[in-house]
Each structure stands twice: as structure tokens, then as C-alpha cells.
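*Asks:* Below are the C-alpha cells for one structure; questions will follow.
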Amino acid sequence: MADPLDQPKEIRRSFIPRPRMEKDAAGKVAEGIARFLGTPRFLVYLTVFCAVWLAWNTVGPEALRFDSAANGFTALTLMLSLQASYAAPLILLAQNRQDDRDRVMAEHDRHRSERNLADTEYLAREMAALRIALGEVATRDFVRSEIRNLLEEIAERDAAPDRPDAADRSR
């Protein structure tokens, strides 16, 4: 009988307990190491380590030397190769994590840009509507000129003697 795919799989018990850790713990550790590998402090430490190694195996006590200069410091070469073989994948892992973060940030920036564009378009439409509305609003100078025209028309009407309503008003 096939396992139902809509049910979670049961956790199998094993004789050796597995350590439980955060899903991304290895990535965080790799990133921390990769960041350290890219610092001047690491270069200074590595330089001092190599200088001490070479000095100890060159001028140190003969009985305590562990890497022969005659063999071209083979152990030192192996140590540096081992360090490089671990550093390269750690750096790539950290770079992949950074690419993922950059992708997420680019997506957020794109959404933010879309919102800003929508807000800007909305504000532009509102400004255009206000300009249209202001074009229809009577300004102070327009109202004053209309009042002056009306006063002049009233004064002319009152001054005209041949009008019948002017005679009625004088009685």
C-alpha cells in the first residue's frame, strides 16, 4: 500500500540521535567564516602563521622541527591547500546566500517603486483635478471686475431719465 501523500511522514527513531539546529545555521556559520576570510586581519594572521611556521622549521631546534625545508615545507603546503579547499565552498555558499538576499531586496525595491509610482500618479491626477477646479473658481480680481461692471450698469440705469422705472423711483 502506498503512503498517503497528504499526511506528514512520521519521524523515524534512530540509534544515533541527530542534533537539532536551525535550518539556516550552516549558512550563517559559512557566511561568518567567509566574511572573516575577506578581511585584512585574516591576511595578517595567515602571514604571521606562515612566517612562524617557516622560521620554526628553518632556525628552530633541530629535534623539534616537523616540516623539512629540504622537502619544500610539504606540511605547510598541505595546510594551505586544505584551508583553500574549505574556503572556496564557504565563500560560494556565502555568495549564494547574499544573492538570495539581493534578490529579495530587489523584489522589495520593485514593489516599493510600484507603490511610489502609483502614489505619484495619484498625486498628479489630484493636482490636475485641483488645477481644473481652480480654473473654474472665481478669483478676487474677477469678482471685483464683475461688481464694478454691475455698479456701473446700476449707475447708468439710475442716470437714464427716459426710463419709466427711474421716474417711479423719484416720486
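A quick yes/no check of all residues on (1) part of a helix (DSSP H, G or I); (2) at negative phi; (3) touching a helix residue (DSSP H, G or I) at 6+ places or on another chain (Cβ under 9 Å):
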residue: Ala70; (1), (2), (3): no, yes, no
residue: Ala75; (1), (2), (3): yes, yes, yes
residue: Glu114; (1), (2), (3): yes, yes, no
residue: Glu156; (1), (2), (3): yes, yes, no
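*Asks:* Only one residue in Phe66, Phe49, Phe42 is without any contact (Cβ under 8 Å) to a residue 12 or more places away in the chain, touching a helix residue (DSSP H, G or I) at 6+ places or on another chain (Cβ under 6 Å) and either farther than 30 Å from Arg101 by Cα or not in a loop (DSSP other than H, G, I, E, B) (or both). Which one? Please lay out each step first, then the result.
*Replies:* Values: Phe66 fails: touching a helix residue (DSSP H, G or I) at 6+ places or on another chain (Cβ under 6 Å); Phe49 fails: touching a helix residue (DSSP H, G or I) at 6+ places or on another chain (Cβ under 6 Å).
Every option except Phe42 fails the conditions.
*Asks:* Next question, about the same structure. Among Ala94, Ala87, Ala128, which is of a type outside the set (D, E, K, R) and free of Cβ contacts under 8 Å to residues at least 40 places away in the same chain? Step through it out loud before you land on a result.
*Replies:* Values: Ala94 fails: free of Cβ contacts under 8 Å to residues at least 40 places away in the same chain; Ala87 fails: free of Cβ contacts under 8 Å to residues at least 40 places away in the same chain.
Just a single option satisfies the conditions, and that option is Ala128.
*Asks:* Out of everything in the stretch 24-64 that is basic (Lys, Arg) and surrounded by 11 or more Cβ atoms within 10 Å (Cβ to Cβ), what residue ends up being farthest from Tyr86 (Cα to Cα)?
*Replies:* Among those that are basic (Lys, Arg) and surrounded by 11 or more Cβ atoms within 10 Å (Cβ to Cβ), it is Lys28.
*Asks:* Looking at Lys28, is it out of contact with any strand residue (DSSP E or B) (no Cβ under 8 Å at 6 or more places or on another chain) and either in a loop (DSSP other than H, G, I, E, B) or of a type in the set (Gly, Ala, Ser) (or both)?
*Replies:* Considered against the rule, which asks whether it is out of contact with any strand residue (DSSP E or B) (no Cβ under 8 Å at 6 or more places or on another chain) and either in a loop (DSSP other than H, G, I, E, B) or of a type in the set (Gly, Ala, Ser) (or both), Lys28 comes out as no.
All of the numbers you see were taken from the coordinates with simple rules; none came from a lab. The structure presented is a predicted model; accordingly, all values stated were derived computationally and were not measured. For neighbour counting, all protein chains shown are included, and Cβ atoms are generated from backbone atoms with ideal geometry for every residue, glycine included.
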